[in-house]
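Worksheet: one structure, shown below.
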Amino acid sequence: MFFTDLKIDSEYRNKNNDVAKNLFIPLLSNALSYKRAVGYFSSSSLVDYSKGICELAKKKGKMQLIASPYLNEDDIEAIRLGYKKRDSVLKSALLKGLEEECDEPFAKERLNLLANLIADGILDIHIAYLEDDDSLGLYHEKMGIMEDSKGNKVAFSGSNNETHSAIGINYETVDVYCDWQSEFEKNQVRKKENAFHAIWNNGEPGIEVLDFPEINDALIEKYKYDKSNYDIDEIQFKKSSGIQTDEIKYLSVEHYPVIPREKGLRPYQIEAIDKWEEKDYCGIFDMATGTGKTYTGLGAIVRLSDALHHKLAVIICCPYQHLVEQWVEDIVLFGMDPIVGYSGSRQKNWKKLLENAIRDQKLNVANRDFFCFVTTNATFSSEYVQKQINKIKCDSLLVVDEAHNFGAEYLRHLLLPRFNYRLALSATLDRHDDPIGTQALYDYFGEKCIEYSLEKAIKEEKLTPYKYYPIVVNLSESEYETYEDLTDQISKCIKKGTLGGVQLTETGKKLALQRARLVAGAVSKIEALAEEIKPYINKKHILVYCGATNVLDENQDVTNTDQEDLRQIDVVTDLLGNHLGMKVSQFTSKEDIEERQILKEEFAIGDNLQALIAIKCLDEGVNIPQIRTAFILASTTNPKEYIQRRGRVLRTADGKDFAEIYDFITLPRPLDEVSSLTKKQIKKELTLVKNELNRAEEFARIALNKITALSVLDEIKEAYGLEDYQIVFEEDYGDGE
């Protein structure tokens, strides 16, 4: 395509006719030459029209940039100290401008793009400034000339610099001239081109132009970490499910939320949002893991923002750092430019961004009346963030992912009335053994707007069906003795509950945690795993989920993995990797977000990584849809935990017709020994047996091989005289005596 095939207006005003979308990107995509002279240039401008620049680069086009450095008072004073310092000050000032921090989620990749443009000889930069005997001034002209492969030329001039703010935020005007339109426009193009050449070659009176190769070298050294193939937009938005890259960029220009084109919501998601709107934009989305909970939440944000004409502050909270990053990917697809705040955020200046967003919104700054802040629960609860939230004066929406966590005492006091719009997302909102926390969530967020169960999700093919294999193992003699001792101690740590009934003291809770760890790490599970995994030695997409009972501390957004947790995972790693010769890797909190992403990508391919040996990932919401076979060694009696674990194994993936779940059922002793026990001895063991049966029966209930799975459980029931036992989520307070 050539320039003559494009619709080009004679004037563009940024608030009425998007300059990046309607002028720069189409022209750059079809250009072989781009000559630009501006007062300021920064790498952030690449965010707005990287697609056009990349198309030019693919055609081996050339960019020539003349920019003036921003000089502060210190720079000017340094120059006054002596002429020899002038060059170094100018270079330093221009580098600062080029390195202007870009706060969108992919800043690192954009800076790499800038470095590659220079390294490949596509972009060349000159410095321009005005100088007389007494002072040093700035070059402020703003013009550009582009040329296509047919020799057609377009020149433009106007108020905008080559920065993200000028292109996408400020009010800017650009006048455009096409040399094929008329003799007048042809002359205008010629004048601009002649002026540019004169300046570039340092031939314009009053303007000094310098070529500093050191600037190019410095940028390449600092920011070039990989060879760019100039498909940066396609790479970053490869998960966009059919959305065209240019559509994503165009949707994101205003940074207001919008449903991505060709990515419509499903009918049940729209229905949930409709009910949320009917309830004055307050409510709960109770949706099974893998049914599009995040997209439904983002669709709700779009609905509310539209209703309020985008005058809205959105705060999104997630329990873990990697969940924040998963949200960021989807937030960007929905047209928003999120502020990402937590201890390890790539947006190092996120605090400043949050302060500015709240201030700009309060002052009614144009195009700054909407902002989205996504953070972890720990950072949200910090004194700093709470202080900033208190400054919000406009309508505000609180979205809480895995909302059951906010029922905890240290978080529920932050469920404040200042958020006039509220949305809770959770597959398991009701908190196990915490009626007060559960009620607090319903009191604050309101009623459920949707209940989309795992069973329904499987039936409607939103999740994968599965086969369930309960594998019965026993505590060793020494483990049973310890278990019995802990049970006796727990039975003495019971107090009257706040709402009636009884509950454990703090000491009792610690003892119960210790006992749960004992069951999770039962040594017989390793022998059973070695036997059950043999048919899968040459297969891939396997998860071995090990026992861990660490919980997330209230001031943390990453779960620690201690030596107790690592004991079982190290044994399993040795078994699979060394003894069985499988390609395996651990997946724990020791791996940072980037390492986890690499592991997930390798696991999805499967050639170099057959199995992940993990702790906590299924509880933390890690999205690994390719899992086909899961060996769950980590026993749990908490319905929230095991329902979530199952749901995350059932995410759909190409070629995944069904999943397989091997669940290791831990019993106090072999079943053939139970008949010799006294009633009192059997009673002491029933807590563990019933807890394991509760989980196993729930898993077996909707499995493809339900009859076979239930037959294993029937043997356990018969041995312990529980033939009529139905699933009941009982409190675990020892032997009841």
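Throughout, read-outs are computed from the coordinates displayed, never taken from laboratory work. All values reported here derive from a predicted model rather than from experimental measurement. A quick note on method: Cβ atoms are made from the backbone with ideal geometry, for glycine too, and the neighbour counts reach across all protein chains shown.
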*asked:* Suppose each label sits 7 Å from its Cα in the direction of the beta carbon; what would the Glu532-Ser10 distance come out to in nanometres?
replied: 7.7
*Separation between the Ser476 and Val365 pseudo-spin-labels, each 7 Å from Cα along Cα→Cβ, expressed in nm?*
6.3
*What order do you get for His541, His197 when you list them from fewest to most C-beta neighbours inside 10 Å?*
His197, His541
*Rounded to the nearest 0.05, what FRET efficiency is calculated for Glu715 and Glu329 with R0 set to 41 Å and r the Cβ-Cβ distance?*
0.35
_If I stretch the segment between Tyr442 and Thr505 completely, what's the gain in nm (0.36 nm per residue apart, minus their alpha carbon distance), one decimal?_
20.1 nm
*Around Ala630, which amide H atoms from residues at least 5 apart in sequence, or from another chain, sit under 5 Å from its own amide H, with H modelled in the peptide plane?*
Leu543, Glu660, Ile661, Tyr662
*Ratio of the range 254-459's C-alpha Rg to 2.2 N^0.38 Å, to two decimals?*
0.96
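With a cut-off of 8 Å between alpha carbons and a minimum separation of six or more residues, what is the relative contact order of the range 254-459 in percent?
Dividing the mean separation by the residue count of the range 254-459 yields 32 percent.
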*Val472's amide H: which non-local residues (gap 5+, or another chain) put their own amide H closer than 5 Å, with H modeled 1.01 Å from N in plane and none for Pro or chain starts?*
Ile665
*Likely footprinting exposure, Thr505, Thr678, fewest C-beta neighbours within 10 Å first*: Thr678, Thr505
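Using the beta-carbon distance between Lys186 and Asp217 and R0 = 41 Å, what value does 1/(1 + (r/R0)^6) give for FRET efficiency, to the nearest 0.05?
0.55
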*Take each of the peptides 321-331, 665-675, average the number of other beta-carbon atoms within 10 Å over its residues, and list them starting from the highest.*
321-331, 665-675
_Kirkwood hydrodynamic radius (C-alpha pairs) into Stokes-Einstein, the range 387-546, 25 °C and 0.890 mPa s, D in µm²/s_ = 120
